[in-house]
Each structure stands twice: as structure tokens, then as C-alpha cells.
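Report on the structure given below.
The values are calculated or read from the model by the stated rules, or taken from the named source; none is laboratory data. Values in this document were obtained by computation on a predicted structure and should not be read as measured data. Note that we place each Cβ from the backbone using ideal geometry, even for glycine, and neighbour counts take in every protein chain shown.
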Amino acid sequence: VIDMSSVYGGHAVMSQGGVAVVDTPVQVAAGFKDSPDLAYKDFVEWGEGADRKWVRFYVDHSREMIYDWLVDLGVVFSGVDNAPGNSVDRFHQPAERGIGLVTPVYRACLERP
């Protein structure tokens, strides 16, 4: 993680902090049925000139490489919202918005030399 400021987080601390992730327990709890194939279709149709190989990798691995990793660091997701181009809600909101996303990542960085 790279930050140009002497204080961690920059604008991310004040942001919504949401991340688009596919097929998570938060979506299931909210009643949404998502899948990598559905997300792939949404992202390719909405994203002009999307790199299909990258999209495929992202939708196949976002659950483990983003959601699970952030949860393991202590991020608590409070729900999901919709975003343009998505047929289901998959924009995951941290309970404390941006600071709730950035702070656990920052703390994990401090624990590593």
C-alpha cells in the first residue's frame, strides 16, 4: 500500500469506501444471488473496451482476494448498494465507510516490516 501523505488514508478515509465484490455472504444475507458469470456479463457490457481477461480474473477471484482478505483484516461490511451497470447489488459498504476500510489495512501494514 502506497500513500503520498504523512497521514494514512488520504481521500479514502473520507470516501464511501465501497468495493465491488462478487458472490459474498453480505449479498446472500441481503437476498441477492450473484455469480462470477453474471458479474462478468455486467462488467463487459457496461465497461466500454473492458479487458475481458482482466474482468474474468476479477470476477473469479474478488471474493477471496478482496472480500475475504479485508474481512480477515477486520473490515466489517454493513451492506451492499447498487452501482450503474450492475444487475444486482455488489458495491459493498464498510460499516464505517472509508475509514472503516482504510484503518484495518493501515494497521496490517504497520505489523509488517
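Okay, residues lined up against (1) over 29 Å from Arg107 (Cα atoms); (2) touching a Pro at 6+ places or on another chain (Cβ under 7 Å); (3) in contact (Cβ under 8 Å) with a residue 60 or more places away in the chain:
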position: Ser35; (1), (2), (3): yes, no, no
position: Leu38; (1), (2), (3): yes, no, no
position: Arg52; (1), (2), (3): yes, no, no
position: Val59; (1), (2), (3): no, yes, no
position: Met65; (1), (2), (3): no, no, no
position: Gly85; (1), (2), (3): yes, no, no
Taking only segment 52-108 into account, find how many residues are more than 23 Å from Ser35 (Cβ to Cβ), of a type in the set (A, V, I, L, M, F, W, C) and not in a loop (DSSP other than H, G, I, E, B).
-> 6
For Ala108, all conditions in the list (1) touching a helix residue (DSSP H, G or I) at 6+ places or on another chain (Cβ under 6 Å); (2) surrounded by 16 or more Cβ atoms within 10 Å (Cβ to Cβ) hold save one; what is the number of the exception?
-> (2)
Does any residue of segment 15-22 turn out to be at pLDDT 95 or above and surrounded by fewer than 17 Cβ atoms within 10 Å (Cβ to Cβ)?
-> no
Do we have any residue at all in segment 81-102 that's modelled with pLDDT of 95 or more and of a type in the set (Val, Ile, Thr)?
-> yes
Restricting attention to segment 29-42, which residues are within 13 Å of Asn82 (Cα to Cα) and either outside any loop (DSSP other than H, G, I, E, B) or among the aromatic types (Phe, Trp, Tyr) (or both)?
-> Phe32, Ala39, Asp42
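Taking Gly47, is it among the small types (Gly, Ala, Ser), surrounded by fewer than 18 Cβ atoms within 10 Å (Cβ to Cβ) and at positive phi? Before the answer, list the steps.
Details: among the small types (Gly, Ala, Ser): yes; surrounded by fewer than 18 Cβ atoms within 10 Å (Cβ to Cβ): yes; at positive phi: no.
Considered against the rule, which asks whether it is among the small types (Gly, Ala, Ser), surrounded by fewer than 18 Cβ atoms within 10 Å (Cβ to Cβ) and at positive phi, Gly47 comes out as no.
Going by the structure shown, is Asp34 over 11 Å from the mean Cα position of the chain (by Cα), loosely packed, with under 13 Cβ neighbours inside 10 Å, at pLDDT 95 or above and not small (Gly, Ala, Ser)?
Spelling it out, it is not the case that Asp34 is over 11 Å from the mean Cα position of the chain (by Cα), loosely packed, with under 13 Cβ neighbours inside 10 Å, at pLDDT 95 or above and not small (Gly, Ala, Ser).
If I go through segment 76-94 residue by residue, how many of them are more than 11 Å from the chain's Cα centre (by Cα) and either closer than 24 Å to Glu45 by Cα or surrounded by 15 or more Cβ atoms within 10 Å (Cβ to Cβ) (or both)?
10
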